[in-house]
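S.K.: Here it is, the structure, as structure tokens.
The values are calculated or read from the model by the stated rules, or taken from the named source; none is laboratory data. Note that the structure is a prediction, hence the values are computed from the model and not measured. Methodologically, a virtual Cβ is constructed for each residue, glycine included, from the backbone with ideal geometry; neighbour enumeration extends over all protein chains shown.
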Amino acid sequence: MVNTERWPTPGKKPVGRRIRDFWVDFGRQWGLQSMVLPGILFMIVFNFIPIYGLAIAFKRYTVIDTLDSAPWVGWENFKIILEDRYFWDAVVNTLGISFLKLAIGFVIPIILAIMIYEVPAGRFKKAVQTLSYLPHFLSWIVLGGMLITWMSTTGLFNQLLLDLGLLSKPQNILLDAGKYWWIATLSDIWKEAGWGTILYLAIMSKIDPTYYEAAKIDGASRIRQIWHITIPNMKMMIGLNLILTISGLFGSNLDQTLVLMNSQNREKAEVINSYVYRMGMTQGDFSYATAVGLGVSIVSVILLVAANKITSKLNDNQSVL
């Protein structure tokens, strides 16, 4: 019987040859590969190495301990989470704000992108695009300061509401906890809606103009052209953004919360990210904060997979990921 183990499988290169070819190709593409290396190093340092620190969630860790010397407590931190009323208040606030952003903020960039696309090329179109993108490049420190000033008792919003007769006397809007969810949602839309149109506009620029010409010949109105041509061609990108948005339902904007939250609206403003930050960095309970973060990450992965499955079912079993 002939021993074929030493012979390579037909059509498949030996392992040594594949490794050598890899490094030869890598050397030929050194210019391109060097552009990727910083991103890979960033991911290794800030995404993969910290995974070792997740062990803190199962330990009683303090600043005087090391990862190895801290005593194991098993699932104790997770049991505390389930009994923590303040954590569940943060969950309710996170989901409330995230669902408002999903219901309103997800649709507005699509509508805005279509409106910009329908405007003939010219100065007005460029001005609208520039003005809609601009807030994205401003930090929440700057935008938060503007909002705090505008919503004060002598601010712009109070003056407008008083002139319109919607307020009887000035009030600091940001101190009203009942209005915070809407403040967080609308301010986030104001900041990110314009930036969210970029991918949609890129997709629409690739649509074959003959589709619209044929539709005009058939007598289709502009609305019908948008409904039957523009939106179907954006379907894959809309699905991708929907999946990413759903997977981030538990990840409310920390920067926004830290800027706009105060002692008066904390009961409605405290979200999971700010709660983890407060428990870890302010109170020094690193084990508890890590356990919360780990639990939220697991739920986010589950939401990502579920959203991808649902979207693929709605898209003829074609996954966008």
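S.K.: Only one of Ile207, Ile141, Ile189, Ile198 is out of contact with any strand residue (DSSP E or B) (no Cβ under 6 Å at 6 or more places or on another chain), of a type outside the set (Lys, Arg) and either surrounded by 16 or more Cβ atoms within 10 Å (Cβ to Cβ) or not assigned by TED's automatic domain parsing to the domain that holds Ser263 (or both); which?
M.R.: Result of the check over Ile207, Ile141, Ile189, Ile198: Ile189.
S.K.: Collect the residues in region 229-281 that are among the hydroxyl-bearing types (Ser, Thr, Tyr) and either closer than 21 Å to Ser297 by Cα or buried (at least 19 other Cβ atoms within 10 Å of the Cβ) (or both), keeping them in residue-number order.
M.R.: Thr230, Thr245, Ser247, Ser252, Thr257, Ser274, Tyr275, Tyr277, listed by residue number.
S.K.: Then there is this: May I ask you to list the residues in region 139-189 that are under 18 Å from Leu258 (Cα atoms), among the aromatic types (Phe, Trp, Tyr) and touching a residue at least 12 places away in the same chain (Cβ under 8 Å)?
M.R.: Trp140, Tyr180, Trp181, Trp182
Listed here are the residues, each with its yes/no results for (1) at pLDDT below 90; (2) surrounded by 13 or more Cβ atoms within 10 Å (Cβ to Cβ); (3) assigned by TED's automatic domain parsing to the domain that holds Leu199.
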| site | (1), (2), (3) |
| --- | --- |
| Ile110 | no, yes, yes |
| Ala113 | no, yes, yes |
| Ile116 | no, yes, yes |
| Gly122 | yes, no, yes |
| Gln129 | yes, yes, yes |
| Ser132 | no, yes, yes |
| Met146 | no, yes, yes |
| Trp150 | no, yes, yes |
| Leu161 | yes, yes, yes |
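S.K.: On to the next question. Within the bounds of region 245-259, is there any residue that is farther than 29 Å from Trp182 by Cβ and either more than 19 Å from the chain's Cα centre (by Cα) or among the hydrophobic types (A, V, I, L, M, F, W, C) (or both)?
M.R.: no
S.K.: Can you tell me which residue among Lys206, Lys235, Lys179, Lys216 is within 30 Å of Thr153 (Cβ to Cβ), charged (D, E, K, R) and out of contact with any Lys or Arg (no Cβ under 8 Å at 6 or more places or on another chain)?
M.R.: Among Lys206, Lys235, Lys179, Lys216, only Lys179 is within 30 Å of Thr153 (Cβ to Cβ), charged (D, E, K, R) and out of contact with any Lys or Arg (no Cβ under 8 Å at 6 or more places or on another chain).
S.K.: Taking region 201-253 on its own, how many of its residues are under 30 Å from Gly295 (Cβ atoms) and either in a helix (DSSP H, G or I) or β-branched (Val, Ile, Thr) (or both)?
M.R.: 10
S.K.: Follow-up question, since we're still on this one. Within region 128-157, how many residues turn out to be among the hydroxyl-bearing types (Ser, Thr, Tyr) and part of a helix (DSSP H, G or I)?
M.R.: 4
S.K.: Would you confirm whether or not region 92-101 contains a residue that is over 20 Å from Gly196 (Cβ atoms), without any contact (Cβ under 8 Å) to a residue 60 or more places away in the chain and in the same structural domain as Arg222 (by TED's automatic domain parsing)?
M.R.: yes
S.K.: Would you confirm, using the coordinates I've provided, whether Lys191 is under 23 Å from Phe99 (Cα atoms), in a helix (DSSP H, G or I) and of a type outside the set (Asp, Glu)?
M.R.: In short, yes.
S.K.: Of all residues being among the β-branched types (Val, Ile, Thr) and modelled with pLDDT of 85 or more in region 65-81, which is farthest from the chain's Cα centre (by Cα)? Just the residue, please.
M.R.: For region 65-81, the residue satisfying everything is Val73.
S.K.: Something else: Could you grab the pairs with beta carbons closer than 7 Å, sequence gap of 6+ or different chains, first residue in region 284-313 and closer than 15 Å to Leu67 by Cα and part of a helix (DSSP H, G or I), second one polar (S, T, N, Q) and at pLDDT 90 or above?
M.R.: From residues that are closer than 15 Å to Leu67 by Cα and part of a helix (DSSP H, G or I), the pairs are Ser287/Asn77; Tyr288/Asn77; Ala291/Asn77.
S.K.: Still on this model: When you check Ile64 against the structure, is it part of a helix (DSSP H, G or I) and either surrounded by 13 or more Cβ atoms within 10 Å (Cβ to Cβ) or not small (Gly, Ala, Ser) (or both), yes or no?
M.R.: So Ile64 does not fit the description; no.
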